[in-house]
Each structure stands twice: as C-alpha cells, then as structure tokens.
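First up is the structure itself, then whatever we jot down about it.
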Amino acid sequence: MSDHVDGPRSIGEPAADVTDLFAFTSPADPTRTVLAMCVFPSAGESAAFSNVIDYSIAVRRVSVAGLGEAARFQPAAEEAARLTFRFNVLERDASGRVIQRGVCRFADGRETPLTVNDEKGASTPEGDLRVFAGLRSDPFYLAWLAGDLSKVPNLLQHDNVLSMVAEFDTERMLGASQGSLFGAIAETVPAREGEGRVTHPVARVDWVGRPEQTNVRLNNPGLGRATDLRDLWNQQKPFEISADLQPLFLQRLKDSLLDWDLRDGEADWSPAALAANANIFLDDFLLFDVSKPITDDSHLEIEKSTLAGRPYQTGGGRTIDANVIDILFTWLVNRDRQFLQGGATGATKPGMTTFPYLAAPNTELQTVAETVELAAPPDAVWDVIGRFNIDWHPLIAGVRLVGEGPGQLRRIRTRDSAEIVERLESVEHAKRRYRYALVSGLPAAHYTGMIEARPNGGGCIAEWRVDYLADDQPDIAVKTRVSALLRTGLAYLNSRFGASR
C-alpha cells in the first residue's frame with residue numbers, strides 16, 4: 001500500500017511510518033509549490049505525532065544525466081531545501097481539550113510554531129511559507145490484490161493518516177531560476193540527543209521517494225520467498241544509497257520488474273530497457289519540475305520520457321488525486337500499452353484545491369448490520385440472545401460478568417484467545433433488545449452494538465447491528481472482523497431455531 005506498513009521497523013512505530021509523499025504546484029497560486037508527507041497508516045482520531053521523531057522533507061536539484069537505455073537523473077550534492085517538523089508531547093489547553101503543538105524548521109534557520117489540526121495552518125511573518133499538520137483522509141487508494149492483480153474495492157476506504165503540508169514561494173525557497181527540476185524525499189529519523197551526550201548515528205525509521213518502492217518493487221509478492229529487504233532499504237540515506245548495497249538492491253529491482261512485465265503473459269520490456277528502468281528506480285526520489293504543468297496524470301512522465309530518449313513535457317510530481325498505483329502497474333506490466341484500471345477510481349475523498357489540500361478526516365460512523373429470519377417465536381429467541389453473557393455464541397470461549405443492570409461489564413474470551421470488554425448500555429425486555437458499547441479489545445472507537453428479536457409472522461427476525469469508527473487499523477480489517485462475529489452468531493441461531501419458511 002504505497003509506503004504504508006513497509007517493514008517491521010515502521011510497523012512497530014506507526015507514527016514514524018511514512019505512507020506517502022506529494023509534490024505539486026498550488027492550484028490556488030502557480031507561484032507556489034506544495035510538498036506534503038503522510039504518516040501513521042489507518043490513524044485513529046486519537047493518533048498523535050511522535051515527540052521523539054524528526055519528520056523531514058528534503059529537496060535536491062536534479063539534472064538529466066542520460067537518455068534512453070543510459071537514462072539517469074543526477075541529484076546535486078547539497079540540499080536545495082529541507083523542512084523538518086518536530087512535535088511536543090500532548091497537553092491540554094485552557095478548556096481542557098487535548099492538543100499537540102509543534103514547530104516546522106527550515107534550512108535557513110527560521111522556525112514556525114504550529115498547532116496540530118488547525119486547518120488555517122501557520123505562516124512565516126514574511127508569508128513565503130505556510131504549514132499544516134493534522135489528521136486527514138488518506139489520499140492513497142489501492143484497488144488491486146498485488147499477488148495476482150485481481151481487482152477489488154479500495155482497500156483503504158474510510159482510512160485516515162497524519163499529514164504534514166508545506167506551501168511555499170517557489171523561487172524564494174528553491175531558487176528555481178537556477179534549475180527547475182528537483183527530487184524530493186520524506187523521512188522519519190529519531191531526534192538526535194543533545195550536546196555533550198555519548199551517542200551514535202541514529203538509523204532512520206522510514207523514507208519514501210516515489211510511491212511503491214518498497215511494497216511493490218522491492219517486496220514484489222510475485223517473487224515468492226525472496227528475502228524482505230524493506231527494513232534494509234528504509235535505513236539507507238536518501239540520494240546516497242550505500243555503494244556496497246547498491247548491487248543487492250539493483251538485482252532485486254531487476255528481478256521484480258521482470259516479474260511485473262510478465263504478469264500479463266507478454267514481455268513488453270527488452271532486457272536493456274528493463275535494466276535502465278531498474279537503474280532509474282534505484283535512485284529513488286520523487287521528480288518534479290516547477291516550470292512545467294503538474295497534473296493528476298503527470299506522475300512518472302519525466303521518467304518515462306527520459307527512458308524513451310525524448311525531452312519530458314510535464315512537471316511530473318504527484319498531486320493529491322493522482323492515480324499512482326494504476327499508472328505504475330500499467331507502466332510495469334505492459335509499458336503503457338493498455339491502461340490497467342483497478343477496482344476504484346478515487347480515494348475515499350478527493351483532494352481540495354485550497355490549503356491544506358488533503359481532505360478532512362473520515363469521522364463518519366460505519367455500520368455492520370446482519371439479520372436472520374427464524375422459525376421460532378421471538379420470545380424463544382430472546383430467551384437465548386437476550387442473555388448479556390453471550391454464552392450462546394460459537395466464537396466465545398468464556399465470559400465473566402461484572403456488576404448488574406445498565407453499566408454491567410462482560411469480559412469476553414474468544415476462541416482465538418483475544419479478550420474483549422463491553423458494557424451494557426440499556427436493555428428493553430418488552431421490545432426484546434439491548435444495547436452495549438465497547439470498552440476495549442477491538443481497534444475501534446465509538447463502537448456500539450444492538451441485538452434484537454422482533455416478530456415476523458409466525459416466527460421472528462433476529463438483528464445484530466454494530467456502529468463503529470476504525471481506530472489504528474484499516475476500516476476493511478475492522479469491518480471484516482465485526483462481520484465475521486455477527487454472521488457466525490446469526491448462523492448459529494439459524495441452525496438452532498431453523499429458518500422461517
């Protein structure tokens with residue numbers, strides 16, 4: 001999933017897991033450039049930036065150093081710009097609301113303080129740079145199963161990420177008149193210890209240039225049991241991959257690109273062209289040219305044109321709404337012979353044309369509801385499902401109740417050894433229904449459920465409904481787990497009481 005969950009180190013610290021990087025011209029002002037990075041895949045509403053991580057976007061000027069099968073992009077030795085976000089621990093404001101503050105530091109030494117989730121962002125006194133940090137709807141969408149290239153709905157539907165956005169005066173920040181082609185990377189690195197402490201160089205947790213370097217190109221599922229190189233890659237220094245490790249990464253890229261090329265049974269890449277493509281991806285940075293149009297369709301156009309031996313026509317880059325996964329798969333599998341459209345045509349929410357450009361977070365409750373029509377009268381069914389200890393459910397290994405009546409807790413031990421704690425909110429025996437809320441045990445917030453048995457001719461309808469908001473897990477994973485719980489329970493009722501005819 002782009003750069004989401006791309007290795008054990010980043011999975012272990014989601015706040016340092018870089019999911020995406022964007023570079024485009026501001027739709028509101030063509031004299032300004034926007035750089036944005038996202039972290040924390042499937043962030044819940046309580047997700048926070050780490051206070052011990054430096055979140056940075058670095059930019060270097062790039063020149064075209066070769067065309068065709070000798071295609072190459074040479075980054076400058078020095079950075080043209082660096083923006084570093086650093087955040088404080090959580091605190092409470094005067095009203096008691098939990099907030100997080102931070103600062104964005106620029107390569108020229110200036111700093112701009114900011115408050116997380118303030119949509120207005122913060123600007124320098126000179127007005128040349130404006131920054132934002134906060135929870136947003138995940139702009140990436142993935143609608144393929146990469147193992148066999150089967151189409152599916154967006155696997156990141158309803159998901160959120162933590163985002164950092166910087167919009168700045170292009171000429172002042174980048175000096176574009178000295179060269180308009182740039183390469184950008186985003187990285188997360190543990191903050192260095194203070195002066196005077198015995199320390200050692202810190203290893204970066206994650207970084208990203210072009211989307212899908214790690215999860216598609218280096219960790220191609222088509223290569224079977226190939227060694228996972230993602231952690232090793234993520235600890236490399238962007239723009240300066242270790243000379244000792246370059247042959248290892250290059251060979252993996254060649255093997256991976258050959259597999260992708262043959263996915264449709266046709267070889268569209270000659271060995272020489274495939275090797276040139278691998279060389280391009282080894283030097284991994286997001287290319288963008290601020291003097292040319294950057295559109296939703298211009299992603300990878302600079303690389304493609306250079307490999308074809310012709311001047312590029314667009315600004316490349318990556319907009320919020322760019323369909324990067326379909327663009328990439330089409331390029332890798334058939335070299336743009338036929339466009340490959342996945343099972344979705346857009347993210348959960350489209351990007352905005354004004355600051356901060358990424359869409360507001362997904363806060364709408366999701367619902368899973370299942371019903372079954374049973375041959376038994378509602379009172380008989382209620383005698384079973386109306387017991388809050390839920391001992392009738394086949395996935396439940398044991399339940400311990402604490403307290404009585406509304407407010408009562410049930411500590412559920414499932415057959416896969418998980419523990420879920422839920423609280424009884426209300427019970428209406430006359431209407432044969434009760435409501436409950438999740439306390440702990442599932443990756444969800446605002447989780448409430450309702451179980452009911454109501455008349456239906458000579459039988460009844462048993463309904464089980466859950467409303468929730470996914471929290472630090474993909475919505476699709478939470479929905480799948482909840483759906484399995486509900487369906488298994490109602491299937492048991494169907495086997496016990498019989499289906500109505």
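Scanning region 418-458 for residues that are touching a residue at least 60 places away in the same chain (Cβ under 8 Å) and either surrounded by fewer than 17 Cβ atoms within 10 Å (Cβ to Cβ) or within 22 Å of Ala43 (Cβ to Cβ) (or both) yields a total of 7.
Out of all the residues in region 258-300, which are in a loop (DSSP other than H, G, I, E, B) and more than 27 Å from the chain's Cα centre (by Cα)? Those that are in a loop (DSSP other than H, G, I, E, B) and more than 27 Å from the chain's Cα centre (by Cα): Gly265, Glu266, Ala267, Asp268, Trp269, Ser270, Ser291, Lys292. For region 301-320, a tally of residues being surrounded by 18 or more Cβ atoms within 10 Å (Cβ to Cβ), in a loop (DSSP other than H, G, I, E, B) and of a type in the set (Lys, Arg) returns 0.
Return only the number of the condition from (1) out of contact with any strand residue (DSSP E or B) (no Cβ under 6 Å at 6 or more places or on another chain); (2) more than 18 Å from Ser163 (Cα to Cα); (3) buried (at least 24 other Cβ atoms within 10 Å of the Cβ) that Pro8 does not satisfy. Of (1) out of contact with any strand residue (DSSP E or B) (no Cβ under 6 Å at 6 or more places or on another chain); (2) more than 18 Å from Ser163 (Cα to Cα); (3) buried (at least 24 other Cβ atoms within 10 Å of the Cβ), only one is false for Pro8: (3). Flag: Phe87 matches the condition of being crowded, with 23+ Cβ neighbours inside 10 Å, on the phi < 0 side of the Ramachandran plot and under 25 Å from the mean Cα position of the chain (by Cα). I'm told Ser26 meets every condition in (1) among the polar types (S, T, N, Q); (2) buried (at least 16 other Cβ atoms within 10 Å of the Cβ); (3) under 30 Å from Gln473 (Cβ atoms) except one. Can you identify the failing condition by its number? Of the numbered conditions (1) among the polar types (S, T, N, Q); (2) buried (at least 16 other Cβ atoms within 10 Å of the Cβ); (3) under 30 Å from Gln473 (Cβ atoms), the odd one out for Ser26 is (3).
Given Asp326, Asp336, which one is under 19 Å from Thr19 (Cβ atoms), surrounded by fewer than 21 Cβ atoms within 10 Å (Cβ to Cβ) and acidic (Asp, Glu)? Exactly one residue qualifies, and that residue is Asp326.
When residues in region 347-366 are screened for being surrounded by fewer than 20 Cβ atoms within 10 Å (Cβ to Cβ) and either free of Cβ contacts under 8 Å to residues at least 40 places away in the same chain or on the phi > 0 side of the Ramachandran plot (or both), 2 of them pass.
Mind listing just one residue for me: the one in region 366-397 that is aromatic (Phe, Trp, Tyr) and assigned to a loop (DSSP other than H, G, I, E, B) and, of those, nearest to Thr448 (Cα to Cα)? Step by step, filter region 366-397, then rank; the result is Phe388.
Just so you know, in region 386-417 the residues that are of a type in the set (A, V, I, L, M, F, W, C) and over 20 Å from Val478 (Cα atoms) include one that is surrounded by the fewest Cβ atoms within 10 Å (Cβ to Cβ), and it is Val402. Could you name every one of the strands (runs of 3 or more DSSP E) located completely within region 424-485 that has at least 1 residues being within 16 Å of His158 (Cα to Cα)? Output list reads 444-456, 459-470.
Residues in region 388-412 that are of a type in the set (D, E, K, R) and modelled with pLDDT under 95: Asp391, Glu404.
The values are calculated or read from the model by the stated rules, or taken from the named source; none is laboratory data. All values derive from a computational prediction rather than experimental measurement. Cβ: placed from backbone, ideal geometry, glycine included. Neighbour counts: every protein chain shown.
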